[in-house]
């Protein structure tokens, strides 16, 4: 009974929404007049108009209810003709986004049956009108405004997991047809396990389920900007795997490139999704862009510390713990002289290398991160000049999977190979200039 009551309430609220949003009739109010208008003025302006109601059309009972109970009610009481259009929510959002980008003053969709995560994405992109529920005289009579379920999925922003996943779908739909297909496959098949929970293993990675040609992403989101880093980074790995597994010309053993190249796809994806990061950071998007560029650029210094430290350890296996710490501290001063470890005893005595698990688990892998960073930074710089061109270069690189060496992959995308004299300096100077300009 409670469910039916909430359903009826939603229908009545939807009828009010139709009145507010309708723009098909000659009497329709302008948006600027809606807030000041009384309910009687709104209903009069809506009379004899047609309202389109878009939403999932796969539930026969829901369709019958809308086309009879709701349609008859608004026709009899408000003179409104309700047209129910069954359409997948992704197609609806694409349609709305396209109309907005085309500069349409009035869209073709008046109402949407929409859930929390897609609502957040649509609202954040400026595709919806509202709030309007305070104008509905029957709102409080039929809907419990203090119910957490109402607040989390009825005309309220959705935070956390759903917001990020909704933004990810929008982001990858707009990035390219290839990534749109990819993100739909990933989300529709629940191939993300990224929410933190008690007892869950730590860390984050992408792996593959070969029998299903399905990438799988594991992570532990914590409500910080690092969640976005992990999302875009692991999606870069997953996208490469998704494409390679579907290419009949790529042997199974070569679906993933060598360790020196595998991180190109992930690190570059972090930058190539930048035009849509506003969906995730809103007004703070510029702060994130600067932080991300700085962190990526400065990582090169840290990566060199880790790599050179390992060389010295294997060349001198009899060093004492204190001597190993002294080597690390010397390298810190060499590569990152700006870092001050004052009042941090653990790092101040040179023990910081202990926290880097790669030294124990993946010897000499860290220089591969540096090589991939050099490629990713170039994709970032290219995207600033021509994002479409940068993306097409990235796609060419992705499609070669593991059939090419690091140098060949760079050449495929038209990138500088960092082994060439002067190439690192040229990239560093461009990055330094961009960072300096955005620190002001």
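The values are calculated or read from the model by the stated rules, or taken from the named source; none is laboratory data. Note that the structure is predicted; figures quoted are calculated from it, not measured. Note that we place each Cβ from the backbone using ideal geometry, even for glycine, and neighbour counts take in every protein chain shown.
For this structure, a couple of remarks:
Let's see how each residue does on (1) closer than 30 Å to residue 290 by Cα; (2) touching a strand residue (DSSP E or B) at 6+ places or on another chain (Cβ under 7 Å); (3) modelled with pLDDT under 95:
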site: 218; (1), (2), (3): yes, yes, no
site: 224; (1), (2), (3): yes, no, yes
site: 227; (1), (2), (3): yes, yes, yes
site: 232; (1), (2), (3): yes, no, no
site: 238; (1), (2), (3): yes, yes, no
site: 241; (1), (2), (3): yes, yes, no
site: 250; (1), (2), (3): no, no, no
site: 255; (1), (2), (3): no, no, no
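- Here residue 75 clears all of (1) assigned to a helix (DSSP H, G or I); (2) modelled with pLDDT of 85 or more; (3) under 28 Å from the mean Cα position of the chain (by Cα) except the condition numbered (3).
- Residue, surrounded by the most Cβ atoms within 10 Å (Cβ to Cβ), within region 413-440, restricted to residues that are closer than 16 Å to residue 263 by Cα and free of Cβ contacts under 8 Å to residues at least 40 places away in the same chain: 413
- Residue count for region 67-85 satisfying the condition of being touching a helix residue (DSSP H, G or I) at 6+ places or on another chain (Cβ under 9 Å), crowded, with 19+ Cβ neighbours inside 10 Å and more than 18 Å from residue 114 (Cα to Cα): 3.
- Hits in region 239-253 (condition: surrounded by fewer than 20 Cβ atoms within 10 Å (Cβ to Cβ), within 22 Å of residue 179 (Cβ to Cβ) and in contact (Cβ under 8 Å) with a residue 40 or more places away in the chain): 247, 250
- The set of residues in region 51-68 being at pLDDT 85 or above and outside any strand (DSSP E or B) consists of 67, 68.
- Residue 307 being loosely packed, with under 13 Cβ neighbours inside 10 Å, under 36 Å from the mean Cα position of the chain (by Cα) and in contact (Cβ under 8 Å) with a residue 12 or more places away in the chain: no
- Selection count where residues are crowded, with 18+ Cβ neighbours inside 10 Å and outside any helix (DSSP H, G or I), scope region 257-302: 5
- Only one of the numbered conditions (1) in contact with a helix residue (DSSP H, G or I) (Cβ under 8 Å, 6 or more places away or on another chain); (2) over 17 Å from residue 178 (Cα atoms) is not met by residue 220, and that is (1).
- Evaluating residue 405 against the criteria (1) in contact with a helix residue (DSSP H, G or I) (Cβ under 7 Å, 6 or more places away or on another chain); (2) in contact (Cβ under 8 Å) with a residue 24 or more places away in the chain leaves one unmet condition, (1).
- Unique match (being over 20 Å from the mean Cα position of the chain (by Cα) and at pLDDT 65 or above) among 175, 136, 127: 136
- Residue check, residue 268 at pLDDT below 95 and under 24 Å from residue 396 (Cα atoms): no
- Test: residue in region 33-50 that is at pLDDT 70 or above, in contact with a strand residue (DSSP E or B) (Cβ under 7 Å, 6 or more places away or on another chain) and either under 17 Å from residue 86 (Cα atoms) or assigned to a helix (DSSP H, G or I) (or both): yes
- Residue count for region 101-117, restricted to those that are closer than 22 Å to residue 164 by Cβ and either modelled with pLDDT under 70 or surrounded by fewer than 17 Cβ atoms within 10 Å (Cβ to Cβ) (or both): 3.
- When residue 352 is tested against (1) free of Cβ contacts under 8 Å to residues at least 40 places away in the same chain; (2) under 30 Å from residue 244 (Cα atoms), just one condition goes unmet, and that condition is (2).
- Of all residues in region 181-202, those that are out of contact with any strand residue (DSSP E or B) (no Cβ under 9 Å at 6 or more places or on another chain), surrounded by fewer than 18 Cβ atoms within 10 Å (Cβ to Cβ) and outside any loop (DSSP other than H, G, I, E, B) total 4.
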